[in-house]
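First the structure, in the form of structure tokens, and then the observations on it.
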Amino acid sequence: MKLFVYHTPELTPTDKAPECAIAVDVLRATSTIATVLASGGEAVQVFSDLDQLIEVSEKWPSEKRLRAGERGGAKVAGFELGNSPLDCTPELVEGRRLFISTTNGTRALQRVQDSSNVLAAALINRAAVVQFLLEKQPETVWIVGSGWEGSYSLEDTVCAGAIAHSLLEQTQLSPEELAGNDEVISAIALYSQWQDNLLGLLHQASHGQRLLRLDCLDDLKYCSQTDLLDVLPIQHETGVLK
Ligand code: 3SL
């Protein structure tokens, strides 16, 4: 298995696709997606365009759908939900499909949607993602961070490092054998440095600070936990994760 980390959708190659691609948006889209599925949501359908989301979701019975929209960290007016995983309780989401559009996370998922296996990963479901990789043994794996509007984000890189670190612990591979690019080595170093204080790292991250200004400390606390949910969001048809 060769692992590649790309910090943003923009830095991800466009001329090829890996056997397995993992989109990461720890704050907060992939944390929300994992939570919805762990809470019994029927599926999560991802859109970059809000108008398209509204058009497609209109075709679903209203009692079977939820619309979640985030722009700049805030909830989109008229939608039931923003992008807080804490709102995705079993009481609310069970049996319903979540139609979601967020600033960066949905772009990362769309960037890799042509790969044979597309997963959504966050710190909270890291173990389930690693288990899939160990069982499936894909030859090439890309981890694509969402970043923030085209730039690097600490929280997505530390999640990439958490996945790589766990793979190293559970295989005979050396870092040089696993890493397909230098970004993997630096992601492992970041995770090794911060693994006992991931909440502290999220406090330092620029998007973590943005969310703190929006009063979302509980979201940071929730998203900083590792291996909390045994759930593997995997793409079944383009843009639909189950
Ligand atoms: O950019 C995104 O996709 C979001 O996850 C950002 S936020 O955490 O909802 O503000």
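The values are calculated or read from the model by the stated rules, or taken from the named source; none is laboratory data. Note that this is a predicted model, so its numbers are computed, not measured. Virtual Cβ from ideal backbone geometry, glycine too; neighbours counted across all protein chains shown.
When Ile33, Ile54, Ile22 are checked against the criterion of being surrounded by fewer than 21 Cβ atoms within 10 Å (Cβ to Cβ) and in contact with a strand residue (DSSP E or B) (Cβ under 9 Å, 6 or more places away or on another chain), Ile54 stands alone in meeting it. If only residues of the range 150-174 that are charged (D, E, K, R) and within 16 Å of the ligand (Cβ to nearest atom) are counted, the one that is surrounded by the most Cβ atoms within 10 Å (Cβ to Cβ) is Asp156. Only residues that are assigned to a loop (DSSP other than H, G, I, E, B), exposed (fewer than 15 other Cβ atoms within 10 Å of the Cβ) and either within 12 Å of the chain's Cα centre (by Cα) or at pLDDT 95 or above (or both) were counted across the range 131-149, and they come to 2. What pairs can you find where one residue is in the range 66-78 and at pLDDT below 95, the other is within 9 Å of the ligand (Cβ to nearest atom) and in a strand (DSSP E or B), and their Cβ atoms are less than 8 Å apart, with a gap of 6+ or different chains? Pairs that qualify, where the first residue is at pLDDT below 95 and the partner is within 9 Å of the ligand (Cβ to nearest atom) and in a strand (DSSP E or B), are Glu70/Ser101.
Criterion first (over 18 Å from Leu214 (Cβ atoms), in a strand (DSSP E or B) and either among the polar types (S, T, N, Q) or more than 15 Å from the ligand (Cβ to nearest atom) (or both)) does Val118 satisfy it? Outline the logic, then answer.
Details: over 18 Å from Leu214 (Cβ atoms): yes; in a strand (DSSP E or B): yes; either among the polar types (S, T, N, Q) or more than 15 Å from the ligand (Cβ to nearest atom) (or both): yes.
Yes.
When Thr238 is tested against the conditions (1) closer than 22 Å to Gln113 by Cα; (2) surrounded by 15 or more Cβ atoms within 10 Å (Cβ to Cβ); (3) of a type outside the set (D, E, K, R); (4) away from the ligand (no atom under 16 Å from the Cβ), the lone failure is (2). Can you find a residue that is closer than 16 Å to Leu27 by Cα and basic (Lys, Arg) anywhere in the range 199-220? Yes: the range 199-220 contains one or more residues that are closer than 16 Å to Leu27 by Cα and basic (Lys, Arg). Taking the range 81-103 as the search range and keeping residues that are in a loop (DSSP other than H, G, I, E, B) and within 15 Å of the ligand (Cβ to nearest atom), which one is surrounded by the most Cβ atoms within 10 Å (Cβ to Cβ)? My answer is Asn83. In the range 180-209, the residues that are free of Cβ contacts under 8 Å to residues at least 24 places away in the same chain and aliphatic (A, V, I, L, M) form Cβ pairs under 7 Å with partners that are in a helix (DSSP H, G or I) and surrounded by fewer than 16 Cβ atoms within 10 Å (Cβ to Cβ), at six or more places apart or across chains, as follows: Ile185/Pro175. Listed by first and then second residue, the pairs linking a residue in the range 210-226 that is on the phi < 0 side of the Ramachandran plot and assigned to a helix (DSSP H, G or I) to a residue that is surrounded by 14 or more Cβ atoms within 10 Å (Cβ to Cβ) and among the acidic types (Asp, Glu), with Cβ atoms under 7 Å apart and 6 or more places separating them unless they lie on different chains, are Leu211/Asp219.
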